[in-house]
Structures are given as structure tokens and as C-alpha cells.
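The values are calculated or read from the model by the stated rules, or taken from the named source; none is laboratory data. Predicted model only: the values in this text are computed from it and were never measured. Because the Cβ atoms are built from the backbone with ideal geometry, glycine has one as well, and the counts that use them run over all protein chains shown.
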Amino acid sequence: MNDLDYTGKTVLVVGGSSGIGNAIAQGFRARGADVHVWGTRASAADYDGEEGSDLTGLSYARVNVADVDAIERCQPRFGQLDVLVQSQGMVVYKRGEFEREGWDRVMDVNLNSLRACAMKFKEQLAAARGSMIIVSSTAGFHATKGNPAYNASKAGAVALTRTLGEAWAPEGISVNGIAPGFVATKLTKVTTDNPKRREMAEAAIPCGRMGLAQEMTGPALFLASPLASYICGQTLIVDGGLTLS
């Protein structure tokens, strides 16, 4: 038996319409899973032609995860759920997170929605003895002086992963996380589109380059598989060595 074969499994990737979430969604689909994704646009067609978005073969639904009531109202199109990947995220630049509006927007998407989605699907995950993977960031382990809400939300995501891992393990739910470092997505274009900033960022990474969204797929497939059956509440740092020093 192939431990990374997800044939017959149902996967939901929140934030799976683009970037890291989309790469993870396609990784599960390539290994046989029935994959559903949530995004913010009206339809899957609204992502056509956008870099980092490939909704081929994925079942799409529009859900505004910044609105807890919208999460609770959502009627999923699947009866079972084996894997829940929470990859939603946002950032506000130009010091907007120091203001209440920016702070609240980021915290609602990056942290509050994690709890809401986890609770919404807890019963299904327990029935399937399934897995939940929370995608946080290496920002949860170091300061990001211009983005206090992003930093606090990602640190909170790491802490939530630990706590739910401990709380839900007796119910058969595996909870773990992934903390990407600098990965080229639309959220990091402020760095990738600026040659000087990109050069400085890559100089701090022992592997010598920014990561690819597809490089987060392997860790997700592993953490949701029987290969990770004795890993509980941990966040796997996937950063090319950025946080080593």
C-alpha cells in the first residue's frame, strides 16, 4: 500500500484558490483525492489566467472566511472529510496593521477563521479519524517589525496547532502544521518584485533562494498520511534554513 495514495479521500483546502494552498490542493488531487477549495471570488473562472492559480479538477466554493457567520452558514458539498488544510492568509503593508482596521482584518482571516473552520469540521474529521493541517509562517517564530498583526496571527496559529493537537488527539484527529519561509506568492510580491529586497531576502536563506509553493506540498501530504501517525501538535518549518540563525 502507498501511504501517500489519497484515492477515496476527501480533502478541503481553505485558501486553496491560489499560492501555497492551491499547490497543496493540486498535490492531493494528483494522488487521487476528491479536493474541494474555498476562495474569495465568485467563481473558479474568476481565477483563470492568474499566476499561482490552477483550479483544474478542483471543486470550488466562495466563502469569506473573515466572516465567522459565513463559515458557519456554508453548506459543504461533501459528506465526509478526511483532511482539512487551512491555508488562508492575508497581510497589510505600509504599516496598516498598526491601525485597528488593518489589525482586525488580518486577525480575522489569519487566526479567528482557523478556529471557526476547525470547529465546523471537527465532527467530520473525528468520524474519519482524519487530519487537519494549519499553514502558518516562520513569522510565528521571529519578529516582523512592519506587520504586527501578521506576526501575532501566525504565532497564534502555531500555538493553536499545539493546543488542538493535544485536545483532539484522543478523538482520533491528527493536528499539525507547516510554517513556510519566504515563498514566492502574491503575498510576497512586495519582496519578489523588488530586485534589491529579493536579493537581501535570498542572501539570508542558506539554500540560496526563495521557496516555491509546490515545495509545501510534500510536507502536507506527509503530515496527512499514516507516515506521520505519531506526530501531534507540531509545526514543521519549511524555510530553506532561514530560521537556523
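Quick look at the values:
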| read-out | value |
| --- | --- |
| Residue that is nearest to Leu242 (Cα to Cα), among those in segment 103-147 that are among the polar types (S, T, N, Q) and not in a helix (DSSP H, G or I) | Ser137 |
| Helices (runs of 4 or more DSSP H) wholly inside segment 189-242 that include at least 3 residues being in contact with a helix residue (DSSP H, G or I) (Cβ under 6 Å, 6 or more places away or on another chain) | 195-203, 217-223 |
| Selection status of Tyr150, aromatic (Phe, Trp, Tyr), modelled with pLDDT of 95 or more and surrounded by fewer than 18 Cβ atoms within 10 Å (Cβ to Cβ) | no |
| Test: Gln86 is of a type in the set (S, T, N, Q), without any contact (Cβ under 8 Å) to a residue 40 or more places away in the chain and either surrounded by 24 or more Cβ atoms within 10 Å (Cβ to Cβ) or closer than 21 Å to Asp34 by Cα (or both) | no |
| Hits in segment 91-107 (condition: of a type outside the set (D, E, K, R) and surrounded by fewer than 18 Cβ atoms within 10 Å (Cβ to Cβ)) | Tyr93, Gly96, Phe98 |
| Ala167 vs. criteria assigned to a helix (DSSP H, G or I), hydrophobic (A, V, I, L, M, F, W, C), out of contact with any Leu (no Cβ under 8 Å at 6 or more places or on another chain) and surrounded by fewer than 21 Cβ atoms within 10 Å (Cβ to Cβ) | yes |
| Test: residue in segment 232-244 that is in contact with a His (Cβ under 7 Å, 6 or more places away or on another chain) and closer than 23 Å to Ala143 by Cβ | yes |
